[in-house]
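Chemist: Mind having a look at this structure? Questions to follow.
The values are calculated or read from the model by the stated rules, or taken from the named source; none is laboratory data. What you are looking at is a predicted structure, and each value in this text was computed from that prediction instead of being measured. Note that each Cβ is placed from the backbone with ideal geometry, even for glycine, and that neighbours are counted across all protein chains shown.
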Amino acid sequence: MSIENLLQDVSTAVNARRGAIQHHSEILLKDVFQRVSTLRQAKRRFADELAPDFHFFDYLRSDELGLSRCLADLLDPIACDKHGKHGQGGLFLNTFVSHLSYSLKNANLEKWATTAECQAVTLEHQTNQGRRIDILIRFSNGGLIGIENKPWAGDQVNQLKDYANYLERNSTKSKWLLVYLSNRKPGSESIDSHTINKLQENENFLCLTYQDAEDLLQTAAQKTRSVRVRVFIEEMIKFIRTKVSGETDMSEQQEIQNSVLSSAENLEAAFLVAKTFDSIKTNLMCKLRSDLNKKLANKPYCLENNERFFEGRGGNDVGFKFFDCKMRTRLVIGFESSWFRDFFVGIASYNESDLTDEESELIRKIMDKIIDVSEPYGGIYPWWIYGDRVTVFGEGFRHWQDDAKPWVAINDGTLIEKLLEIVDRIYEVLKDQNALLCHDGLVKNIT
């Protein structure tokens, strides 16, 4: 066989393989779509009886602090006349400590971390260095358990190392434990691997996932005597499962699994599709940036580039700078948390000291009228709001990691239209107001 014929045979085989993969992927995706669509139709038909999309936590504070508060209240056995707000006494704390003891293989933990010895459970406990431990459980025998709750945000520099040092200094006879609750490993910038290994050897550090948290809550719920508390825990588990761990609805998940496992070809296609998702998101974010720059070519404002925003990193935003408004503020879109979570729209100053309290309040009043009431004021953002509360975006536009809607909107161009509709509205208001905030710091013509 000649080399040319060999290369031709190889090329034919490769093309045939590619065609087969594409064919099976298309079959899988169509089957999944049909199964899930049928299930959703059934849900809509019985929505008046089952209310499948009605979740308590949609109406509560659902950020990191809100989740920490729920966990802290459940773990507190002494509030409200020594029974806890939940009325179940030490049920949740005992279940939690028992799991920690089993995971650490440390029976001694259950001897000092008891309900009888529990002195206080505090939220956002401030350390000597000004940091805040999400949850601190203090025991009268000098023991301490600190819980760092990381559902979405990344770690800060030396954060866990500082927490460990604080717990060690303020506890008695090494009766302390730092629990890192996250679906990710601790960041190396927060604590180095050598320190982690040493702490784990001394049984002072433990990583828990949110799957562990779900299991603990489920175990405790089965023993809970109060129906109200049991329902609350079940809703909390659903929230963690969908909003933190990013799982789909359980019934939808089962239908998808049935489709994927129905044949070897479907299973292989599913793995190939899953492996491409990160690159799909990267390509779509590149498309978003490119489309934005093209659309802004004839607009009276431009895009201030920030590569970290387009990578979905938390704590990063990208701004729209108005040419004819000499302002110290700009309209921004950003992700408060990493991995494309907590998408928000806001007005930001370039420096925290740029705006007085009066100026920030005036910005909030104007923006509340244009869009909606702001989330709590913070730092350089006098006004900001999560994406799912912006009418033109709607449901699904807060946690991009867990929902297809933002990505579909990027791909078909509707996200650009929605976004520029907001920018244009704000620009017109600012222009009519003769510039909201001028460089001389004077607020002009604001009504």
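Chemist: Identify the single condition in (1) of a type outside the set (K, R); (2) in a helix (DSSP H, G or I); (3) over 26 Å from D58 (Cβ atoms); (4) modelled with pLDDT of 80 or more that A348 does not satisfy, given that it satisfies every other one.
Modeler: All conditions are met except number (2).
For every residue, the table says whether it meets (1) surrounded by 14 or more Cβ atoms within 10 Å (Cβ to Cβ); (2) modelled with pLDDT of 90 or more; (3) in a loop (DSSP other than H, G, I, E, B).
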position	(1), (2), (3)
S103	yes, no, no
N106	yes, no, yes
H125	yes, yes, no
N128	no, no, yes
I133	yes, yes, no
V157	no, no, yes
N165	yes, yes, no
T195	yes, yes, no
K198	no, yes, no
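Chemist: Which residue is modelled with the highest pLDDT, if the candidates are limited to segment 319-332 and must be in contact with a strand residue (DSSP E or B) (Cβ under 7 Å, 6 or more places away or on another chain) and surrounded by fewer than 20 Cβ atoms within 10 Å (Cβ to Cβ)?
Modeler: R330
Chemist: Yes or no: V318 part of a strand (DSSP E or B), free of Cβ contacts under 8 Å to residues at least 24 places away in the same chain and within 26 Å of the chain's Cα centre (by Cα)?
Modeler: yes
Chemist: Taking into account only those residues within segment 385-420 that are without any contact (Cβ under 8 Å) to a residue 60 or more places away in the chain, in contact with an Asp or Glu (Cβ under 6 Å, 6 or more places away or on another chain) and of a type in the set (A, V, I, L, M), which is surrounded by the fewest Cβ atoms within 10 Å (Cβ to Cβ)?
Modeler: Only one residue tops the list, namely V392.
Residues are listed down the side, and each one gets a yes or a no for (1) polar (S, T, N, Q); (2) assigned to a helix (DSSP H, G or I); (3) under 21 Å from the mean Cα position of the chain (by Cα); (4) within 30 Å of L67 (Cα to Cα):
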site: Q254; (1), (2), (3), (4): yes, yes, no, yes
site: Q257; (1), (2), (3), (4): yes, yes, no, yes
site: N266; (1), (2), (3), (4): yes, yes, no, no
site: L272; (1), (2), (3), (4): no, yes, no, no
site: S279; (1), (2), (3), (4): yes, yes, yes, no
site: N283; (1), (2), (3), (4): yes, yes, no, no
site: C302; (1), (2), (3), (4): no, no, no, no
site: R308; (1), (2), (3), (4): no, yes, yes, yes
site: R313; (1), (2), (3), (4): no, no, yes, yes
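Chemist: If you scan segment 194-206, which residues turn out to be out of contact with any helix residue (DSSP H, G or I) (no Cβ under 7 Å at 6 or more places or on another chain), more than 19 Å from G143 (Cα to Cα) and not charged (D, E, K, R)?
Modeler: Hits for segment 194-206 are H194, I196, N197.
Chemist: State which residue pairs qualify: first residue in the same structural domain as E201 (by TED's automatic domain parsing) and inside segment 92-115, second residue at pLDDT 90 or above and aromatic (F, W, Y) in any location, beta carbons under 7 Å apart, and separation of 6 or more residues or different chains.
Modeler: As it stands, the answer is W112/F139; A113/F139, since those pairs meet every condition given.
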